[in-house]
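The numbers here are math on the coordinates, done by the rules we state, and not lab data. These figures come from a predicted structure and were not determined experimentally. Counting neighbours? That spans all protein chains shown, and the Cβs are built from the backbone with ideal geometry, glycine included.
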Amino acid sequence: MRNIIITIDGPAASGKEKIAKFISRKWKFKHLDSGLLYRRLALILLKDEINDRDLKKIKKRIEKIKKISFQKSKKLRTQEISQLASKIAIHQFVRQYVNNLQYNFVNKHKKIRGFVIDGRDIGSVVFKKADLKLYIEVNSEIRAKRRYKQLIDSGEKSIYRKILKDIKLRDKKDKLRKNSPLVIPDEAHIINNNYSFKNTIVQINKLMENF
Ligand code: DC
């Protein structure tokens with residue numbers, strides 16, 4: 001039997017991860033965060049001081065990678081990594097590399113009942129035949145406020161206006177790029193995550209009824 005695939009797409013800081021974690025816990029599905037893979041690549045390039053415009057060097061470096069960790073880490077969440085990940089994600093060869101990591105991951109775990117995978121192009125490109133596609137919508141001011149609170153609560157210094165500017169810039173990059181831009185996938189259900197998480201959960205529970 002084929003694994004069940006649930007895709008979650010949406011802009012930066014829209015709550016994809018929180019929703020994916022909720023589904024993963026409640027339905028015992030494995031969670032795969034595709035953004036984390038772009039961030040891992042960004043960290044490798046940053047460590048090796050490879051310029052994001054030097055495509056030859058990036059290609060060569062990717063070819064040398066033997067294994068990439070799927071582990072979450074706080075060091076992947078910095079503004080520097082966020083921006084670099086968004087920059088390198090415009091290139092088709094980078095996207096192909098990350099997509100293959102996702103296909104291999106799913107193929108390797110045949111016995112797992114289901115996967116919940118979040119990103120920007122999961123329902124539109126990577127897993128077009130998913131069993132359920134979600135697209136998360138939240139306005140940019142609310143996203144910036146939530147991200148700001150998160151950073152302040154974790155003891156980091158942060159400026160709301162800078163976060164909002166960064167979110168808008170990443171939205172622009174994600175939506176306007178030529179390769180796999182952020183779009184609402186065909187057949188996707190739009191989740192309104194502007195209100196409380198309780199409200200969001202009600203929408204998710206309804207859609208997940210058959211799983
Ligand atoms: O979801 P995130 O913020 O961790 O993603 C980091 C960057 O990676 C994001 O700005 C764009 C890119 N990304 C992408 O292009 N496609 C995906 N499926 C996931 C992330």
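Brief remarks follow.
- Selection from the stretch 158-182 of residues that are more than 11 Å from Arg143 (Cβ to Cβ) and part of a helix (DSSP H, G or I): Tyr160, Arg161, Lys162, Lys165, Leu169, Lys172, Lys173, Asp174, Lys175, Leu176
- Residue in the stretch 70-87 that is touching a helix residue (DSSP H, G or I) at 6+ places or on another chain (Cβ under 6 Å) and among the aromatic types (Phe, Trp, Tyr) present: no
- Residues in the stretch 165-211 that are aliphatic (A, V, I, L, M) and under 20 Å from Lys18 (Cβ atoms): Ile167, Leu182, Ile184, Ala188, Ile190, Ile191, Ile201, Val202, Ile204, Leu207, Met208.
- Pairing residues of the stretch 99-110 that are under 20 Å from Ser180 (Cα atoms) with residues that are aromatic (Phe, Trp, Tyr) and in a helix (DSSP H, G or I), at Cβ distances under 9 Å and at least 6 apart in sequence or on separate chains, gives no pairs at all.
- Condition broken by Lys110, with the remaining ones in (1) within 14 Å of Ile58 (Cβ to Cβ); (2) surrounded by fewer than 19 Cβ atoms within 10 Å (Cβ to Cβ) satisfied: (1)
- Test: residue in the stretch 69-77 that is within 24 Å of Lys178 (Cβ to Cβ) and within 13 Å of the ligand (Cβ to nearest atom): no
- Residues of the stretch 11-57 that turn out to be more than 25 Å from Ile204 (Cα to Cα) and assigned to a loop (DSSP other than H, G, I, E, B), as a count: 7
Results for (1) of a type in the set (D, E, K, R); (2) farther than 30 Å from Glu156 by Cα; (3) surrounded by fewer than 20 Cβ atoms within 10 Å (Cβ to Cβ), shown as yes or no for each residue.
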| position | (1), (2), (3) |
| --- | --- |
| Asp9 | yes, no, no |
| Ala42 | no, no, no |
| Lys64 | yes, yes, yes |
| Ser73 | no, no, yes |
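- Top-ranked residue of the stretch 125-139 - restricted to ones that are surrounded by 18 or more Cβ atoms within 10 Å (Cβ to Cβ) and more than 17 Å from Leu37 (Cβ to Cβ), ranked as nearest to the ligand (Cβ to nearest atom): Ile136
- Those residues of the stretch 76-109 which are within 13 Å of the chain's Cα centre (by Cα) and part of a helix (DSSP H, G or I), in sequence order: Leu76, Arg77, Ser82, Ala85, Ser86, Arg95, Val98, Asn99, Gln102
- Every residue from the stretch 183-200 that is touching a strand residue (DSSP E or B) at 6+ places or on another chain (Cβ under 6 Å) and part of a loop (DSSP other than H, G, I, E, B): Ile184, Pro185, Glu187, Ala188, Asn193
- Of everything listed in (1) outside any helix (DSSP H, G or I); (2) within 25 Å of His189 (Cα to Cα); (3) near the ligand (Cβ under 9 Å from one of its atoms); (4) not basic (Lys, Arg), the single unmet condition for Ile112 is (3).
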